[in-house]
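**Student:** Before I ask anything, let me first share the structure, which is written out below as structure tokens.
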Amino acid sequence: MKTLFDTSLIVAGFVESHPMHARCLTWLQRAKARDFDCFVASHSLAETFAVLTTLPVKPRISPLLAQRLIDNNLRTIAKFVPLTVADYSRTIQTMTELGLSGGGTVYDALIATVARRLSIDKLLTLNADDFRRVWPEGDQVITTP
């Protein structure tokens, strides 16, 4: 089974105080155990770092800790999928066709583009409705843990 992790799942799995931590951590642990093929869009590396270092948690997550979380816990379990110029062009075309705009929306659409390109079996996210907006035909694949 090919599974793509969205940034929201990764962050919740890393942050113990997150309300969805236990459910998301289970998926990270399953990926580590190689229960399925785990993929992450390369864009999610930067997005995960950005979210972790700006979360309103005490103590704050420093850039160094965020990097260590990513390097030690994500790079070891996932295959990172680089986005191509064609992926960006396809994503912008899809956004235009759907009449969608905005930074967060286009970031979800980039991840959906990777899911579509790889014929992913499951896209795991805490933002299923957002993904259904940018990838309506992916409804059967988009899953909340």
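**Student:** Just to check I understand the Karplus step: with θ = phi - 60° and J = 6.51 cos²θ - 1.76 cosθ + 1.60, what whole-Hz values come out for the range 134-142, glycine and proline as x?
**Tutor:** Values per residue, Gly and Pro as x: 8, 9, x, 6, x, 3, 6, 9, 6 Hz.
**Student:** Set Lys and Arg Cβ to +1 and Asp and Glu Cβ to -1, take the dipole of the range 2-143 about its Cα centre, and tell me which of A78, G138, A46 lies farthest positive.
**Tutor:** In the range 2-143, that residue is A78.
**Student:** Enumerate the calculated ³J(HN,Hα) couplings along the range 85-97 in order (Karplus 6.51 cos²θ - 1.76 cosθ + 1.60, θ = phi - 60°), each rounded to whole Hz, writing x wherever the residue is Gly or Pro.
**Tutor:** These are the phi-based 3J(HN,Hα) values: 4, 4, 4, 5, 5, 4, 5, 5, 4, 4, 4, 5, 4 Hz.
**Student:** With only alpha-carbon pairs counted, each pair once and no self-pairs, how large is the Kirkwood hydrodynamic radius of the range 31-79 in angstroms?
**Tutor:** For the range 31-79, the Kirkwood estimate is 11.6 Å.
**Student:** Here are several values of percent of Cα pairs over 21 Å apart: [x] 55; [y] 40; [z] 48. Which one was derived from the coordinates shown?
**Tutor:** The listed entry that was calculated here is [y].
**Student:** Ok, one more. Check L123: other-chain or 5+ apart residues with amide H under 5 Å from its amide H, H built from backbone geometry?
**Tutor:** L4, I142, T143
**Student:** How would you rank K58, K122, K32, going from fewest to most other Cβ atoms within 10 Å of each one's own Cβ?
**Tutor:** In order of increasing Cβ crowding within 10 Å: K58, K32, K122.
**Student:** At a 10 angstrom cut-off on C-beta neighbours, averaged per residue, how do the peptides 108-114, 59-65 rank from highest to lowest?
**Tutor:** With the highest mean Cβ count within 10 Å placed first, the list reads 108-114, 59-65.
**Student:** Give me a comma-separated list of calculated 3J(HN,Hα) values for the range 67-82, in order, Karplus coefficients 6.51, -1.76, 1.60 applied at θ = phi - 60°, integers in Hz, x for any Gly or Pro.
**Tutor:** Here the 3J(HN,Hα) series is 4, 5, 4, 5, 5, 8, 10, 10, 4, 7, 10, 10, 9, 8, 10, x Hz.
**Student:** Same structure, new question: What is the dipole size for the range 1-41, taken about its Cα centre, with +1 at each Lys and Arg Cβ and -1 at each Asp and Glu Cβ, in debye to the nearest 20?
**Tutor:** 120 debye
**Student:** Hey, which lysines would be in cross-link range of K58, C-alpha to C-alpha under 29 Å, not counting anything within fewer than 8 residues on its own chain?
**Tutor:** Counting by Cα, and skipping residues close in sequence, K58 has these lysines nearby: K32.
**Student:** How large is the dipole of the range 1-113 about the Cα centre if only Lys and Arg carry +1 and Asp and Glu carry -1, each at its Cβ, rounded to the nearest 20 debye?
**Tutor:** Rounded to the nearest 20 debye, it is 400 debye.
**Student:** Follow-up question, since we're still on this one. Anyone know which of V40, V81, V57 comes out most mobile in the 10 Å Cα GNM of the chain?
**Tutor:** Largest GNM mean-square fluctuation: V57.
Values quoted throughout were computed directly from the atomic coordinates according to the rules given, and no laboratory measurement underlies them. Owing to the predicted nature of the structure, the values given are computational and were not obtained by experimental measurement. A quick note on method: Cβ atoms are made from the backbone with ideal geometry, for glycine too, and the neighbour counts reach across all protein chains shown.
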